[in-house]
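Undergrad: What follows is a structure written as structure tokens; I'll ask about it next.
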Amino acid sequence: MARIVECVPNFSEGRRPEVIDKIVSAIQSVSGITLLDREMNADHNRAVITFVGEPEAVIEAAFRSVKTAAELIDLRTHQGEHPRIGATDVVPLVPISNVTTEECVEFARRLGKRISDELNIPVYLYEAAATRPERQDLANIRKGEFEGLREEIKTNPERAPDFGKPELHPSAGATVVGVRFPLIAYNINLATSDKRIADNIAKAIRFRNGGFRYVKALGFEIKEKNCVQVSINMTNYQATPLYRVFENVKREAERYGVMVKESEIVGLVPQQALIDTAVNYLQLWGFSPNQILENRLVQTGKSLADFISDVASSSPTPGGGSCSALAGAIGTALLIMVCNLTIGKKGYEAVSESMARIKEQLEPIKNRFYNLITEDAEAFNSVMQAYKLPKATEQEKAKRLEAISEANKKATEVPLATMQNVLDTLSICQPIVEKGNKNSISDAGVALYFLETALNGARLNVLINLPSIADEHFVKEKKEIMVFLVQKAKAIIGQLIPIVESRIG
């Protein structure tokens, strides 16, 4: 079973989608990363991105996201409701599968040191990675925010970072890195514009003021909705359930003659937290997650035959882009097979170690191809939704065209990622072709042809999306990237196929 770490970086930008798009692209440029969610809030001026992958891939993707954010976000001009000390404010790592908290702490330290060393951004460690008890609480590190910390970090040894000089980066500030339990970002909006009420309720429920042990809360004004909000971080939903916090906020609000307007979850939420809430409110007895229909369907899985049937159906998805990604996954899997048939085999002892290293590099690329199958279908569905927007008025037409252009941008990035994945695979597979088990050299050749199919198919999907994009700079840039990837990949395939044929004899 794979080793999976979740990363949920928070960025001090919630009003410029183009900035977050670039940060997301930086994250997805790492093979083996699966993007799960992205959320933006204009009032908070903050974005939260969630992705998962193998530990090494996650660390690399997190670093690239911090680097990109530092290039694009300037805290000297930033304003928003949410407390912050950095362009990338906080980078939590969450152990998900076959990874311990202790291992994640080591990953956090490595990431923090690299951010400090290479980007000159001071880093603080928090939660399970904290080096001091008071730094387990993120609020203590954020005290004074960017403006206050900018001066105090220079004079107060207690505010010195864990990595880096006691001096904020001029525009990117500082970053906090740590390890925590899956967190639920939960907001409750109140039917009032009196922020004092939200502040008082937040104070009543948060732990540091005598409230729930695993609750952090602040009051905010949400101008867009003409209301106030109790913004809550639930750091352990098992020990402090979601429904208990909601009921307490509701009762506190009633003391002020105020109703709860609505609540919302930002980003992802563990399924069990919602199941626990439903069980509590419906007073279910003996309920089991196995009674949830979708859970049983997931357990059955989906076969290749089902996928082929879906492709053959009248639905436009999955289509050529998904099939191109599948071809890449098959090609990479075949190369891994040749590695496995070489490692430890008689006559191949001298190359077994190098084959093992190449295999380790190919595994996350194969997984990335697999994720791109679904991502392509999702991107195309977004394009279709944009085309369905109303166009009765000139304003609606303009908004629709803009939405179509933006959706096609995202639909272009997915096949480009497939093409990059092809090049990533080809760039490291030459030793397999030259020195892999000769009895399976034809499999290596088939792998190359599958990868060439993935490349050609993805190229066509890039080309079909570009005419619907209004951003000429974007179109020019993506065309240049596409041409570069094709040239590099074709050149490698042209070199390797003759080697395959010569070894077949």
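Undergrad: Can you go through 411, 392 and tell me which one is out of contact with any Pro (no Cβ under 9 Å at 6 or more places or on another chain), more than 22 Å from residue 496 (Cα to Cα) and buried (at least 23 other Cβ atoms within 10 Å of the Cβ)?
TA: Working: 392 fails: buried (at least 23 other Cβ atoms within 10 Å of the Cβ).
Criteria check complete, one pass: 411.
Undergrad: Exactly one condition in (1) of a type in the set (Asp, Glu); (2) assigned to a strand (DSSP E or B); (3) closer than 24 Å to residue 139 by Cβ is not met by residue 262; state its number.
TA: With respect to (1) of a type in the set (Asp, Glu); (2) assigned to a strand (DSSP E or B); (3) closer than 24 Å to residue 139 by Cβ, residue 262 is out only on (3).
Undergrad: Let me ask you something else. Test residue 419 against the stated conditions and say whether it is surrounded by fewer than 15 Cβ atoms within 10 Å (Cβ to Cβ), under 20 Å from residue 461 (Cβ atoms) and either modelled with pLDDT under 95 or touching a Lys or Arg at 6+ places or on another chain (Cβ under 7 Å) (or both).
TA: Working: surrounded by fewer than 15 Cβ atoms within 10 Å (Cβ to Cβ): no; under 20 Å from residue 461 (Cβ atoms): yes; either modelled with pLDDT under 95 or touching a Lys or Arg at 6+ places or on another chain (Cβ under 7 Å) (or both): yes.
Judged against the criteria, residue 419 is not a match.
Undergrad: For residues in the stretch 135-147 being under 12 Å from residue 174 (Cα atoms) and out of contact with any strand residue (DSSP E or B) (no Cβ under 8 Å at 6 or more places or on another chain), which is surrounded by the fewest Cβ atoms within 10 Å (Cβ to Cβ)?
TA: The first filter runs over the stretch 135-147 and keeps only residues under 12 Å from residue 174 (Cα atoms), leaving 141-142, 145-147.
After this cut, where a residue has to be out of contact with any strand residue (DSSP E or B) (no Cβ under 8 Å at 6 or more places or on another chain) as well, the list is 145, 147.
On the way: 145: 16, 147: 12.
Out of the qualifying residues, it is 147.
Undergrad: Output yes when any residue across the stretch 182-196 is over 30 Å from residue 52 (Cβ atoms), assigned by TED's automatic domain parsing to the domain that holds residue 230 and hydrophobic (A, V, I, L, M, F, W, C), and no when none is.
TA: Yes, there is a match, as at least one residue in the stretch 182-196 is over 30 Å from residue 52 (Cβ atoms), assigned by TED's automatic domain parsing to the domain that holds residue 230 and hydrophobic (A, V, I, L, M, F, W, C).
Undergrad: Among the residues of the stretch 187-198 satisfying the criterion of being among the charged types (D, E, K, R) and assigned to a helix (DSSP H, G or I), which is nearest to the chain's Cα centre (by Cα)?
TA: Only one residue tops the list, namely 195.
Undergrad: With 335, 372 as the choices, which residue is touching a Pro at 6+ places or on another chain (Cβ under 9 Å), assigned by TED's automatic domain parsing to the domain that holds residue 450 and assigned to a helix (DSSP H, G or I)? Quick ask: steps written out before the conclusion?
TA: Numbers: 335 fails: touching a Pro at 6+ places or on another chain (Cβ under 9 Å).
The match here is 372.
Undergrad: Shifting gears a bit: Can you name every residue in the stretch 204-227 that is without any contact (Cβ under 8 Å) to a residue 60 or more places away in the chain and either closer than 21 Å to residue 180 by Cβ or within 29 Å of the chain's Cα centre (by Cα) (or both)?
TA: To start, the set of residues in the stretch 204-227 that are without any contact (Cβ under 8 Å) to a residue 60 or more places away in the chain comprises 204-207, 209-215, 217, 219, 225-227.
Answer for the stretch 204-227, where residues must be without any contact (Cβ under 8 Å) to a residue 60 or more places away in the chain and either closer than 21 Å to residue 180 by Cβ or within 29 Å of the chain's Cα centre (by Cα) (or both): 205, 206, 207, 209, 211, 212, 213, 214, 215, 217, 219, 225.
Undergrad: Consider residue 201 carefully, then state whether it is β-branched (Val, Ile, Thr), touching a strand residue (DSSP E or B) at 6+ places or on another chain (Cβ under 9 Å), free of Cβ contacts under 8 Å to residues at least 60 places away in the same chain and not in a loop (DSSP other than H, G, I, E, B).
TA: Criteria met by residue 201.
Undergrad: Mind listing whichever residues of the stretch 449-505 are outside any helix (DSSP H, G or I) and more than 22 Å from residue 435 (Cβ to Cβ)?
TA: Let us first name the residues in the stretch 449-505 that are outside any helix (DSSP H, G or I), namely 469-471, 505.
469, 470, 471 - these are the residues of the stretch 449-505 that are outside any helix (DSSP H, G or I) and more than 22 Å from residue 435 (Cβ to Cβ).
Undergrad: Quickly run through the stretch 375-405 and pick out the residues that are of a type in the set (Gly, Ala, Ser) and not in a helix (DSSP H, G or I).
TA: As a first pass, look at the stretch 375-405 and keep what is of a type in the set (Gly, Ala, Ser): 377, 379, 382, 386, 392, 398, 403, 405.
Once the filter is applied, which keeps residues that are of a type in the set (Gly, Ala, Ser) and not in a helix (DSSP H, G or I), the stretch 375-405 yields only 392.
Undergrad: Still on this structure: For residue 24, are the conditions met, namely being outside any loop (DSSP other than H, G, I, E, B), among the hydrophobic types (A, V, I, L, M, F, W, C), in contact with a Cys (Cβ under 8 Å, 6 or more places away or on another chain) and under 18 Å from residue 266 (Cβ atoms)?
TA: Working: outside any loop (DSSP other than H, G, I, E, B): yes; among the hydrophobic types (A, V, I, L, M, F, W, C): yes; in contact with a Cys (Cβ under 8 Å, 6 or more places away or on another chain): no; under 18 Å from residue 266 (Cβ atoms): yes.
So residue 24 does not fit the description; no.
Undergrad: For the stretch 366-396, name all the residues that are in contact with a Ser or Thr (Cβ under 6 Å, 6 or more places away or on another chain) and farther than 20 Å from residue 411 by Cα.
TA: 366
Undergrad: Looking at 76, 110, can you tell me which residue is in a loop (DSSP other than H, G, I, E, B) and surrounded by fewer than 18 Cβ atoms within 10 Å (Cβ to Cβ)? Step through it out loud before you land on a result.
TA: Details: 110 fails: in a loop (DSSP other than H, G, I, E, B).
The match here is 76.
Undergrad: Please work out if residue 494 is under 18 Å from residue 334 (Cβ atoms), assigned by TED's automatic domain parsing to the domain that holds residue 427 and not hydroxyl-bearing (Ser, Thr, Tyr).
TA: Numbers: under 18 Å from residue 334 (Cβ atoms): no; assigned by TED's automatic domain parsing to the domain that holds residue 427: yes; not hydroxyl-bearing (Ser, Thr, Tyr): yes.
Here the answer is no, as residue 494 does not meet what is asked.
Undergrad: What residue, among those in the stretch 215-245 that are of a type in the set (Phe, Trp, Tyr) and surrounded by 20 or more Cβ atoms within 10 Å (Cβ to Cβ), is nearest to residue 82 (Cα to Cα)? Working first, answer last.
TA: Narrowing the stretch 215-245 to residues of a type in the set (Phe, Trp, Tyr): 220, 237, 243.
This time we only want the ones that are surrounded by 20 or more Cβ atoms within 10 Å (Cβ to Cβ), so: 220, 237.
Numbers: 220: 8, 237: 22 Å.
Among residues in the stretch 215-245 that are of a type in the set (Phe, Trp, Tyr) and surrounded by 20 or more Cβ atoms within 10 Å (Cβ to Cβ), the one nearest to residue 82 (Cα to Cα) is 220.
Undergrad: Among all residue pairs at least 6 apart or on different chains, which show Cβ distances below 7 Å where the first residue, located in the stretch 251-276, is closer than 14 Å to residue 230 by Cβ and outside the structural domain of residue 46 (by TED's automatic domain parsing) and the second is in a strand (DSSP E or B) and of a type in the set (Phe, Trp, Tyr)?
TA: What qualifies is 263/186; 265/186.
Undergrad: Is there any pair with a first residue in the stretch 106-131 that is under 22 Å from residue 183 (Cα atoms) and a second that is of a type in the set (S, T, N, Q) and part of a helix (DSSP H, G or I) whose Cβ atoms are under 7 Å apart and which are 6 or more apart or on different chains, and what are they?
TA: Note: pairs meeting the criteria are 123/116; 126/136; 127/136; 128/101; 130/136.
Undergrad: Checking the conditions here, which among 18, 39, 13, 81 is over 25 Å from residue 163 (Cα atoms) and part of a loop (DSSP other than H, G, I, E, B)?
TA: Working: 18 fails: part of a loop (DSSP other than H, G, I, E, B); 39 fails: part of a loop (DSSP other than H, G, I, E, B); 13 fails: over 25 Å from residue 163 (Cα atoms).
It is 81.
Undergrad: Right, something else. Can you give me the number of residues within the stretch 211-244 that are touching a strand residue (DSSP E or B) at 6+ places or on another chain (Cβ under 7 Å) and either part of a strand (DSSP E or B) or on the phi > 0 side of the Ramachandran plot (or both)?
TA: 16
Undergrad: Go through the stretch 185-205 and give me each residue that's within 28 Å of residue 100 (Cα to Cα) and crowded, with 22+ Cβ neighbours inside 10 Å. Even if it seems obvious, please write down each step before you answer.
TA: Step one: filter the stretch 185-205 for residues within 28 Å of residue 100 (Cα to Cα), giving 185-186.
Result: 186, single match.
The values are calculated or read from the model by the stated rules, or taken from the named source; none is laboratory data. Every value quoted in this text rests on a predicted model; they were computed, and no experiment measured them. All Cβ positions, even for glycine, are placed from backbone atoms using ideal geometry, and neighbour counts span all protein chains on display.
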